[in-house]
Amino acid sequence: MNGKLILFDTTLRDGEQAPGYAMNLDEKVRMALQLEALGVDVMEAGFAIASPGDSDAVKAIARAMKRSTVCSLARALEKDIDAAALAIRDAVHPRIHTFIATSELHLKYKLKLSREACLRQIRHAVSYARNRCAEVEFSAEDASRTDPDFLCRVAETAIAAGASVVNIPDTVGYTTPQEFGSLIKRLHDRVKGMDRAILSVHCHDDLGLAVANTLAGIRAGARQAECTISGIGERAGNAALEEIVMGLVTRRDFYGRLETGIKTEEIARTAKLLSTITGVKIAPNKAIVGANAFAHESGIHQHGVLSKAETYEIMTPESVGMKQTELVLGKHSGQHAFESRIRDLGYDLTPERMGEAFAAFKVLADRKKQITDRDLVAIVEAGAAWKSGSSDEWKLDSFVVNSGNHMSATAQVTLVKGKRKVQDAALGTGPIYASFRAIEKIVKHKFVLEDYRIDAVTEHRDALGEVLVKISDAKGVYRGRGVSTDVIEGSIMALLVAVNRMLEVK
Ligand code: KIV
Ligand code: ZN
């Protein structure tokens, strides 16, 4: 196999639809910039009709991307296509991605549509989209459970109406590599007009076969693969971009020279950014980007790797950006060393943000002997969350807590907002709970604590505690992150980020 494989990333649409992965506009733009740096050819930025938030995010991403194609999803309906066209209008390379289900099951029970009516809708939707955007992709939802002969007619209709990409989703993760490979080959060989279009695959992971099915589809002739970072997506997720790409790179002997535009050294950074933004940890055993993916514990393996890495490593950690030299900074490190390390870690901070991060670093250096890259990332990320809201936000002034094993905990918290300083106190079953209740009283807005997690950023006793808080009210769910060597302070900072986001929505 030779040629070019188009990588279509749908982390910001299919991925973001998965529970726990919702991102706000700033977070989506940050993620999109990193996806472009990674080298994805196409990014699906959202589903414009779904909500004003989705539409705004697609618009912002469309304006921010210079190289990647930006696309919005749309059902095969005029109003969806209009919303998608409007959202991607400012993109350098825009694409509309329209879809309709084609399996008997979906046609009969979900859409209540005959096959002929379905074909008519495809014809109309694709040509309607083509009148609004030069590049149109058509997807046959539930394609892997669609009668293959009908699927051929569907693809022919979409191409004849002007689609330049025909996508074949295994929507419910039902197919197998052999079966899916045969289906793609059949479409590739038999569909009239296929030489004018790109055949694409989009596989879900319900049976753990998404990447295997995607690779089988590519071997059979697909030249676009739809995927997400770390395989996030509806239910069990989508095919993981990093696994597809490294599969092709590592097994060139098997797959041939199929080129992608992906800069593999950016893979780890991209997966880490997604985890940092969403607060969802990468499983240690996750292929390519998990903490254990290149760790060798057993003596036999360690001996082998030390003698010759290839004995137990089929790719190098450096090739996917997993191993960077951990430079340790301390309280004697100057601003120059600090700034150059922050830049090496991939952050492009304004002078003001850099100054704030340096001040936070100095405070930490007084409490903690050695500051590692992971500490620096935590400082910058917590700062980003803290600063990303409007200027009219609550900030921590001071707190006092009192707790013990034979008493209720009490917390007295003082917050400032502009020139206002407000203090309140509350009881709780523990000092963090008491602090949260005091904050709830000060901001006068009730919320539910959905999730609270605390992690040590590094292994040592003086480690920074990184706190992730998720709260909700009637209008939505809001996340916050805080870091401190004091877990109560870190918790209050994390809660305030979430509270400020909640009040901004209000
Ligand atoms: O899984 C699926 O079928 C989809 C389509 C909308 C492409 O995500
Ligand atoms: Zn999907």
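Taken together, the values in this text are just the output of simple stated rules run on the coordinates, not laboratory data. If you're wondering where the values come from, they're calculated on a predicted model, not measured in any experiment. Here the Cβ is made from the backbone with ideal geometry for all residues, glycine too, and neighbour counts use every protein chain on show.
What is the set of long-range amide H partners of Asp451 at a cut-off below 5 Å, with H atoms built 1.01 Å from backbone N?
Under 5 Å from the amide H of Asp451 lie the amide H atoms of Lys470, each far enough along the sequence or on another chain.
Pop a pseudo-label 7 angstrom from the Cα along the beta-carbon direction at both Ala37 and Thr414 and give the gap in nm to one decimal.
For the pair Ala37/Thr414, the computed spacing is 4.0 nm.
Using only the alpha carbons, work out the radius of gyration and Dmax of the stretch 402-455 in angstrom.
12.2, 39
Using 7 Å Cα-to-Cβ label points, what is the Arg190/Asn402 separation (nm, one decimal)?
Modelled inter-label distance: 8.0 nm.
Counting other Cβ atoms within 10 Å of each Cβ, which trypsin sites (Lys or Arg not before Pro) in the stretch 230-299 have at most 11 and sit in a DSSP loop?
Working: sites: Arg235, Arg251, Arg252, Arg257, Lys263, Arg269, Lys272, Lys281, Lys286; in loops: Arg235, Arg251, Arg257, Lys263, Lys281, Lys286.
For trypsin sites (Lys or Arg not before Pro) across the stretch 230-299 that sit outside H, G, I, E and B with at most 11 neighbouring Cβ atoms in 10 Å, the list reads Arg257.
What is the distance, in nm, between label points placed 7 Å from the Cα along the Cα-to-Cβ direction at Lys475 and at Lys308?
For Lys475 paired with Lys308, the spin-label model returns 6.3 nm.
Mind sorting Val505, Val70, Val29 by how few other Cβ atoms lie within 10 Å of their own Cβ, fewest first? Write down the numbers at each step before the final one.
Working: Val505 11, Val70 27, Val29 19.
With the sparsest Cβ surroundings first, the list reads Val505, Val29, Val70.
Multiply the residue separation of Ala134 and Ser51 by 0.36 nm, subtract the distance between their alpha-carbon atoms, and state the gained length in nm to one decimal.
Stretched out fully, the Ala134 to Ser51 stretch lengthens by 27.4 nm.
Give the aspartates and glutamates whose C-alpha is closer than 19 Å to that of Lys441, dropping any in the same chain fewer than 8 places away, or say none.
Candidates past the 8-residue exclusion: Asp392, Glu393, Asp397, Asp424, Glu450, Asp473, Glu489, Glu504.
How much length is gained on full extension from Asp90 to Thr176, taking 0.36 nm per residue of separation minus their Cα-Cα distance? Present the calculation step by step, with values, prior to reporting the outcome.
Numbers: separation 86, 0.36 × 86 = 30.96 nm, distance 3.95 nm.
Contour length minus Cα-Cα distance gives 27.0 nm.
Does anyone have the angle between helix 115-130 and the longest principal axis of the chain? Alpha-carbon axes, 0 to 90°, nearest 10?
That works out to roughly 60 degrees.
Thinking of the stretch 335-384 as a set of Cα atoms, what percent of all their pairs are more than 18 Å apart? Provide the component values of the computation, followed by the final result.
Values: 191 of 1225 pairs.
Of the Cα pairs, 16 percent sit more than 18 Å apart.
Going by alpha carbons, how many degrees (0 to 90, nearest 10) lie between the helix axis of 335-344 and the longest principal axis of the chain?
Approximately 20 degrees, to the nearest ten.
Let's test the formula: R0 of 41 Å, r as the Cβ-Cβ distance of Lys108 and Tyr255. What FRET efficiency results, to the nearest 0.05?
The pair Lys108/Tyr255 has a calculated efficiency of 0.60.
Over the stretch 363-504, with a single point scatterer placed on each C-alpha, what log10 of the ratio I(q)/I(0) does the Debye formula yield at q = 0.11, 0.13 1/Å?
-0.40, -0.56
Could you name the lysines in cross-link range of Lys66, using Cα to Cα under 17 Å and dropping any fewer than eight places away on the same chain?
Excluding near neighbours in sequence, the set is Lys28, Lys263.
Mind grabbing the base-10 log of I(q)/I(0) for the chain at q = 0.10, 0.12 Å⁻¹? Debye formula, identical points on the C-alpha positions, no solvent, two decimal places.
The Debye formula, applied to the Cα set alone, gives -0.85, -1.12.
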